[in-house]
1. Out of all the residues in the range 51-69, is one or more more than 30 Å from Lys136 (Cβ to Cβ), exposed (fewer than 13 other Cβ atoms within 10 Å of the Cβ) and not acidic (Asp, Glu)?
2. Hey, any hits in the range 126-134 for a residue that's more than 23 Å from Phe56 (Cβ to Cβ) and open to solvent by 30 Å² or more (accessible area, probe 1.4 Å)?
3. Hey, among the residues in the range 74-84 that are surrounded by 19 or more Cβ atoms within 10 Å (Cβ to Cβ) and out of contact with any Lys or Arg (no Cβ under 9 Å at 6 or more places or on another chain), which one's nearest to Glu44 (Cα to Cα)?
4. When only residues in the range 14-28 that are surrounded by 15 or more Cβ atoms within 10 Å (Cβ to Cβ) and among the β-branched types (Val, Ile, Thr) count, which is farthest from Ser242 (Cα to Cα)?
5. Checking the conditions here, which among Lys45, Lys88 is under 28 Å from Leu198 (Cα atoms) and within 29 Å of the chain's Cα centre (by Cα)?
6. What are the pairs with Cβ atoms under 8 angstrom where one residue, in the range 115-142, is outside any strand (DSSP E or B) and among the charged types (D, E, K, R) and the other, located anywhere, is at pLDDT 80 or above and buried (at least 16 other Cβ atoms within 10 Å of the Cβ)? Sequence gap at least six, or different chains.
7. Determine whether the range 29-45 contains at least one residue that is in contact (Cβ under 8 Å) with a residue 12 or more places away in the chain, open to solvent by 30 Å² or more (accessible area, probe 1.4 Å) and charged (D, E, K, R).
8. Looking at (1) in contact with a Leu (Cβ under 8 Å, 6 or more places away or on another chain); (2) within 30 Å of Tyr207 (Cβ to Cβ); (3) surrounded by 19 or more Cβ atoms within 10 Å (Cβ to Cβ); (4) not hydroxyl-bearing (Ser, Thr, Tyr), can you tell me which one Ile3 breaks?
Amino acid sequence: VLIGASLVIFIGGIITEGKLTLQTDPVQWVNQHSQNRKDVATLEKRTGASSELGIFVTAKERDELFTDKTMDWMEGFTADSMECYPNKLLVASSILTPLSDLVDLKGASNFVPTGDQVKAAYEAAPDSVKDFTVSKGDPAFNILFITKPGDLESRSVMIDDMREKLDTSGDTGNKPPTGVAATPSGLAVVGTGLLKNLESNRVQLTYLSIFLVFAFLTIRLRSLVRSLLSLVPVLIAVGMSSLVAFVFSLKLSPMTAVG
């Protein structure tokens with residue numbers, strides 16, 4: 001009876017597995033009544049900030065980072081990103097912004113500081129600012145966007161769009177100048193990557209896990225029958241968890257999905 005029930009429940013769980021959804025808002029993964037969650041909610045409400053998205057900019061030589069072309073590209077990419085994603089991005093900062101913000105006046109024409117001016121400002125900055133903006137090792141710096149509260153799914157759309165623009169030249173793209181490369185990075189990218197991998201491979205992970213357990217038990221117990229019998233409670237648990245989540249319309253956290 002248990003063997004038959006385990007197969008029915010497992011098959012039912014597999015059928016509904018693909019219909020389950022992941023909770024894509026990281027702050028929903030924790031106890032909503034805890035003090036930490038309440039503190040985060042207060043912080044988000046008062047600042048409008050949630051996480052960060054970095055654009056990692058690299059070049060073969062440091063001087064290539066401080067050219068007029070690089071500064072023009074950085075100004076254009078930053079302004080375009082803030083204009084295209086007003087509901088997702090709160091503010092942007094980089095090695096350029098201390099100078100460019102000084103002359104950003106309402107009604108005035110846009111002025112982009114030269115590469116030499118930005119380099120001079122960088123060299124005059126405190127060490128803490130230097131460490132935060134430009135790498136001491138390989139030539140690289142960050143454009144840092146503070147993101148507004150939101151789920152990983154919507155951020156994923158923004159990041160994919162940014163990647164496409166960074167690879168596209170012309171009026172529709174924001175490809176950096178020759179010798180300079182840029183790619184999204186930071187917590188937002190890690191989170192969206194995790195979400196995509198789980199969504200695309202969750203069912204396969206279930207099959208693979210059960211197979212590995214079966215293979216281990218077969219070797220350990222030296223019996224095919226014992227191994228199959230040992231999988232009965234496993235199949236019931238795996239199938240039942242999916243069925244319960246489906247019936248009650250529960251969203252899975254990444255830890256729940258992996259578990």
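1. Just the residues of the range 51-69 that are more than 30 Å from Lys136 (Cβ to Cβ), to begin with: none.
No, that holds for no residue.
2. Checking the range 126-134: not a single residue is more than 23 Å from Phe56 (Cβ to Cβ) and open to solvent by 30 Å² or more (accessible area, probe 1.4 Å).
3. Across the range 74-84, the extreme among qualifying residues is Thr78.
4. Once the filter is applied, the top-ranked residue is Val27.
5. Details: Lys45 fails: under 28 Å from Leu198 (Cα atoms).
Criteria check complete, one pass: Lys88.
6. Asp116/Phe66; Lys119/Phe66; Lys130/Tyr122; Asp138/Thr58
7. Yes: the range 29-45 contains one or more residues that are in contact (Cβ under 8 Å) with a residue 12 or more places away in the chain, open to solvent by 30 Å² or more (accessible area, probe 1.4 Å) and charged (D, E, K, R).
8. (3)
The values are calculated or read from the model by the stated rules, or taken from the named source; none is laboratory data. These numbers were taken from a predicted model, which means no experiment stands behind them. Virtual Cβ from ideal backbone geometry, glycine too; neighbours counted across all protein chains shown. Heads up: the accessible areas ignore ligands, DNA and RNA and are worked out on the full protein's heavy atoms, side chains in. Shrake-Rupley method; radii C 1.70, N 1.55, O 1.52, S 1.80 Å.
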